1. Of the residues PHE99, PHE129, PHE153, PHE110, which single one is over 25 Å from LEU27 (Cβ atoms), in contact (Cβ under 8 Å) with a residue 12 or more places away in the chain and of a type outside the set (Ser, Thr, Tyr)?
2. Spot the failing condition for GLY122; the list is (1) more than 25 Å from ILE65 (Cα to Cα); (2) of a type outside the set (Val, Ile, Thr); (3) buried (at least 16 other Cβ atoms within 10 Å of the Cβ), and only one is missed.
3. Inside the stretch 1-45, can you point out the residues that are over 21 Å from PHE129 (Cβ atoms) and among the hydroxyl-bearing types (Ser, Thr, Tyr)?
4. Do we have ALA115 as in a helix (DSSP H, G or I), closer than 16 Å to ARG172 by Cβ and either in contact with a Gly (Cβ under 8 Å, 6 or more places away or on another chain) or touching a residue at least 40 places away in the same chain (Cβ under 8 Å) (or both) here?
Amino acid sequence: MNKEQIKLRSMIITALFAAIIGVMAQLTIPLPLIPITGQTLAIGLAATILGSRYGTISVLLYLAIGSAGVPVFAEFSAGISKLVGPTGGFLVGFIPAAFVIGFYMEKLGFTMINAIIANIIGMFITLSFGTIWLQISLDLTWTAAMASGFTPFLIVGVIKALLASWIGIIVRNRLISANLLFSSNLNQSA
C-alpha cells in the first residue's frame, strides 16, 4: 500500500471515530446540571486506538461538526453555544485529553497498563477543564463547581477509562493485525 492510500485510510478512520464520538454522546444518564455520557468513553477509544495525532483530529472534527449545527453533542444538541456554554469546558477538554492519552501511549507503548494510566489522566484533564469552565461561566463557588462537575463523575470516569483501555487495546491490535490500521503511520506526521 502506498503512502497516499495509507493517508486516505487514516483520514477515513479518523472521520469514523468522529462519528463514533457523536453516536456515543447520545448514550446519556441525565443528572441535574451535566449528564453522564458515552462521549468520554469514545474519546478514550479514539486516542487509545489512533494515537495523539489522529485521535485529536477526530475530536476536533467532532467538535467542528457539532459547532456547525449537526446534533452530535449530548442529547442531540448542537451549535457553537454548546462550546461556550456552561458545559463547554468538558467539550473543549476533550482536545487536550485525546492528545495526552495518545501521546502518553506513543511514548511509553500501547500496553494495557499504559492505556489505563493514560485514560485516567485524560479523565482528569476533561473533568478539570469542565469544572473550571463551569465555575467561571455560572459564577459558582469552587465547592459547588466540584460537586456539580467533578465529584459525581469520578467513579464512572474510572470505569469508562478502564473500558476504553481494554476495548481500545484489543481493537487497535486487531486492526493492526488485519492491516486496517498502520501503527507506524499513526505515530508519525503524514
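1. None of the others qualify; the one that does is PHE110.
2. For GLY122, the exception is condition (1).
3. Matches in the stretch 1-45: SER10, THR14.
4. Judged against the criteria, ALA115 is a match.
We did not get these values from a lab; they are worked out from the coordinates using the rules stated. A quick note: this is a predicted structure, and the numbers were derived from the prediction, not measured. Glycine also receives a Cβ, built like all others from the backbone with ideal geometry; neighbour counts cover every protein chain displayed.
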